[in-house]
Amino acid sequence: MKELWDLYTTFVRIGCVTFGGGYAMLPILERELADKRGWTTLEELQDYFAIGQCTPGIIALNVSTFIGEKWAGVKGALAATTGFLTGPVAIILVIAAFLRNFAHIPAVQHAFAGIRVCVCVLILQAVLRLWKKSVVDPFTLGLYLAVFALQAFAGVLPVKVPAAVLVILAGAGGILAAGVKNRKKGKEAGK
C-alpha cells in the first residue's frame, strides 16, 4: 500500500507543477523519477516518451501509467495515472470557473505570454536532451534529417505523410538498421 501511495503522491506533485505538455515536462520527470527516486533510467524514460507520443492521450499521463505499471503492476498504473490527473483536473476546474472573468485583464494576458515563452524554453531543453541520446550515429542522423524534412516541408510536398506513419517507418528503420549491424558483427566475429 505504501508503494501505491508513493506513486500517487509523487505523480500528484508532478502533475501540479508540469506546464506545457509532453516534452516541456521531460526535465521535471527526469529529475523526479530517474535522478531523485531511481524509478527509471533516462533511457527508459525516453522510451516511455516515445511510446507515449505514439499512443493516444497525453504523453506525460502515458508515462505515469508506464512507470506505475513497472513498479506495482496494474494497481501502480492506476495509482500513478490517478495521481497525475488529480492536481491538473482540480486546477483546470478552478481556472475554468474564473478564467472568463479575468482573461481580458492585461496582466493576465501578459502572464500567459510569459508562460508561453517559458514553455518554449522547456521544450527546447527537452529536445536537446533527446537529441544527445537519440542521434548517436550516421543512421540516426539520416533518419532524423529525413523525418525533419518531411515534417518541415509538409506544406509544399504533394503528399503529407502522417506523423503516425513516420513513427512506424522510423521504428521499422531502426529494427532494420539493428539487424544489419548485428549481421556485420556476426560476420566479423566469424572471421
Output yes when any residue across the stretch 79-92 is surrounded by fewer than 15 Cβ atoms within 10 Å (Cβ to Cβ) and either outside any helix (DSSP H, G or I) or of a type outside the set (A, V, I, L, M, F, W, C) (or both), and no when none is.
-> no
Looking at this structure, is V147 outside the structural domain of L33 (by TED's automatic domain parsing), in a loop (DSSP other than H, G, I, E, B) and either within 21 Å of the chain's Cα centre (by Cα) or surrounded by 12 or more Cβ atoms within 10 Å (Cβ to Cβ) (or both)?
-> no
If you check G76 against the conditions, is it in a helix (DSSP H, G or I), in contact (Cβ under 8 Å) with a residue 12 or more places away in the chain and touching an Asp or Glu at 6+ places or on another chain (Cβ under 8 Å)?
-> yes
From the list V167, V108, pick out the single residue that is of a type in the set (A, V, I, L, M), touching a helix residue (DSSP H, G or I) at 6+ places or on another chain (Cβ under 6 Å), touching a residue at least 40 places away in the same chain (Cβ under 8 Å) and within 24 Å of A24 (Cα to Cα).
-> V167
In the stretch 168-191, what count of residues is obtained for those that are within 19 Å of G52 (Cα to Cα) and not in a helix (DSSP H, G or I)?
-> 0
Can you tell me which residues in the stretch 2-54 are loosely packed, with under 15 Cβ neighbours inside 10 Å and on the phi > 0 side of the Ramachandran plot?
-> G21, G38
Go through the stretch 125-141 and count every residue that is touching a helix residue (DSSP H, G or I) at 6+ places or on another chain (Cβ under 9 Å), at pLDDT 85 or above and assigned to a helix (DSSP H, G or I).
-> 4
Flag if F49 is within 16 Å of the chain's Cα centre (by Cα), in a helix (DSSP H, G or I) and in contact (Cβ under 8 Å) with a residue 24 or more places away in the chain | yes
Look at the stretch 93-124 and say how many of its residues are part of a loop (DSSP other than H, G, I, E, B) and of a type in the set (V, I, T).
-> 1
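The values are calculated or read from the model by the stated rules, or taken from the named source; none is laboratory data. Computed from a predicted model, the values in this text were never measured in an experiment. Counting neighbours? That spans all protein chains shown, and the Cβs are built from the backbone with ideal geometry, glycine included.
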